[in-house]
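Below is one structure, written out as structure tokens, with a few remarks after it.
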Amino acid sequence: MSGSDLSAKEASQTVAEPSASDIRLVIAASSAGTVFEWYDFFIYGTLAAIIGKTFFPSDNATLQVLLVWAGFAVGFGFRPLGAVLFGYLGDRLGRKYTFLVTVTLMGIATAGVGLIPSADSIGIIAPAIVILLRVLQGLALGGEYGGAAIYVAEHAPDGRRGYYTSYIQASVVGGFVLSLIVVLSSKALMSEAVWLDWGWRVPFLVSLALLAISLWMRVKLSESPVFKAMKEQGELAGNPFVESFTYPGNKRRIFIALFGIAAGLTVIWYTAMFSSLGFLKSAARVDDTLAEIIVGVAGAVGMGFYLLAGAWSDRVGRKKPIVIGYALTLLLLFPIFWVIGSAANPGLAEAARRNPVVVSGPDCHYSPFASEQESNCGKLLSDLAASGISYELAEAPVFSVSIGADPMMVDSYPWDEKAAARIAALQAELSGHGYDFAKVTPSAGRIAIVIAALLLLMALSGATYGPVAALLSEMFPPRIRYSSMSIPYHIGTGYFGGFLPLISSYIVARTGDPHAGLWYTWAVVLVAFLVALWGLKPGMPSDFKDD
């Protein structure tokens, strides 16, 4: 180790060791704050359908969905900037005060979304304000995770660091589960008309109460013992951002943290939570509330996998759970979703198998981002995508459509009508071939199968996510730890994960295959698996040491 840096162990020896009760408070306050802050961020995704109709209205249903996920991605896109800003402050001013600022900014920005008038009332200003608030949320979240993870890691004893920090990892899932609980509770307490009119704003405003609780808990915390020791000995970094890229060996560590850790774990997590929820609601056509309950139950139970993986990494090292999780994801990702689809709505799956939709024609171009398609073929593909129906596309000299063995009468299709009228006509045609567009409620046995499949996804996510806070804290020197771990983590999670719903939705819309978006997850996990296999050190975890 270089003489200018302290290891976490050396630093903690110069400051009184935290007691067991102190550590419990540290874990509880840091985890609760993380739950609340991720609740603020995920409530946007949980209410994506209503947000689309309120702030991004469009006659093209697919475009409306893509605009919502683009707004979701904007918040993630600004996370790296937040990591740079708050990482600098965390390494210069302290861990505690930095994540007090981030949770405050997040709570205020989230409540603001609940107060914005609709686009019908104030026009384009409404989505512009939404995007601005998403930017503020992204900045805040860029500083939150690093602060909470490091704060717990720098209080934890060597042999328990993976387990203690896994509570921070599980808290991310907790934020998503809490968002579902608040949404479902709010819907249960009001009529559907009230919910659709203004009641959906309540979950956003609840963030103010969560902010107050989080601040009350975090104000009672003291500063990290490692940071105290560095400050007392004058060992704080002059410019943590610059040093993150000039400290010996740190560029390699950042590369591994970005492509081998952050990118892989985040796409698995978002696939397990957001992709599964969207798949159940759209492709499987499960009742919306039931789909939210199913994913919420799987998420709540699945948090235990994060704690188990963190504790496991204390015994076998951080590398093994992560690499095994990646390898199993590559093998099981598609089969898991095949099981979910066939169990959730076997009738729809059987109709698609018996009577596949085949669209043929010359240059059938379809742009999901266009408000109106140029050709009749493009309009039909748009209507199929909006209906959640898979299709096959074939080149042919003449435009035609077949449903199973029967041709569809394209001449009588209402091409000049609005999208809603066209979609109604399309669904009526498909209904005669066994396609059922009503929302379904699977039997208890089939729900159990879906939850089991989702729990397997959560186990894969837990294996790759549970040990990560400890791993990243141990990878980087204490004086630049906040910046060095936050920058690659938030680039990886912000761009690879935050853009996943947008990219996967686009792939599904272009291909007509509801499973095609999973290829994005699969490809990113493959890269992460190879980088982690090459770059992560095997064996037992330890405090930071120079390479």
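Quick notes on this structure:
- Qualifying residue in segment 463-470 (condition: touching an Asp or Glu at 6+ places or on another chain (Cβ under 9 Å), over 25 Å from Gln373 (Cα atoms), assigned by TED's automatic domain parsing to the domain that holds Leu265 and aliphatic (A, V, I, L, M)): yes
- When Leu307, Leu280 are checked against the criterion of being in a helix (DSSP H, G or I) and surrounded by 20 or more Cβ atoms within 10 Å (Cβ to Cβ), a single residue qualifies: Leu280.
- Where helices (runs of 4 or more DSSP H) sit wholly within segment 1-96, those with at least 2 residues that are at pLDDT below 75 occupy 8-13, 20-46, 61-77, 79-92.
- Lone unmet requirement of (1) modelled with pLDDT of 85 or more; (2) surrounded by fewer than 19 Cβ atoms within 10 Å (Cβ to Cβ) for Glu374: (1)
- So Leu100, is it of a type in the set (A, V, I, L, M) and within 22 Å of Thr34 (Cα to Cα): yes
Quick grid of which residues meet (1) under 26 Å from the mean Cα position of the chain (by Cα); (2) crowded, with 19+ Cβ neighbours inside 10 Å; (3) at pLDDT below 85:
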{"residue": "Glu392", "(1), (2), (3)": "no, no, no"}
{"residue": "Val398", "(1), (2), (3)": "no, no, no"}
{"residue": "Ala419", "(1), (2), (3)": "no, yes, yes"}
{"residue": "Ala425", "(1), (2), (3)": "no, no, no"}
{"residue": "Ala452", "(1), (2), (3)": "yes, no, no"}
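- Of the numbered criteria (1) crowded, with 21+ Cβ neighbours inside 10 Å; (2) farther than 30 Å from Pro478 by Cα, the one Leu105 fails is (2).
- Filter result for the condition that a residue is hydrophobic (A, V, I, L, M, F, W, C), touching a residue at least 12 places away in the same chain (Cβ under 8 Å) and either in contact with a Gly (Cβ under 7 Å, 6 or more places away or on another chain) or not assigned by TED's automatic domain parsing to the domain that holds Ser473 (or both), over Leu196, Leu178, Leu139: Leu139
- Filter result for Ser367 (closer than 23 Å to His515 by Cβ and polar (S, T, N, Q)): yes
- Inter-residue pairs, beta-carbon under 8 Å, first not assigned by TED's automatic domain parsing to the domain that holds Ser505 and in segment 390-407, second basic (Lys, Arg), 6+ apart: Gly404/Arg354
- Conditions (1) within 17 Å of Val26 (Cβ to Cβ); (2) loosely packed, with under 15 Cβ neighbours inside 10 Å; number of the one not met by Leu205: (1)
- The residues listed here are Ala385, Ala420; of these, the one that is over 28 Å from Ile340 (Cβ atoms), outside the structural domain of Arg510 (by TED's automatic domain parsing), among the hydrophobic types (A, V, I, L, M, F, W, C) and assigned to a helix (DSSP H, G or I) is Ala420.
The values are calculated or read from the model by the stated rules, or taken from the named source; none is laboratory data. What you are looking at is a predicted structure, and each value in this text was computed from that prediction instead of being measured. Positions of Cβ are generated from backbone atoms using ideal geometry, with glycine treated the same way; all protein chains shown enter the neighbour counts.
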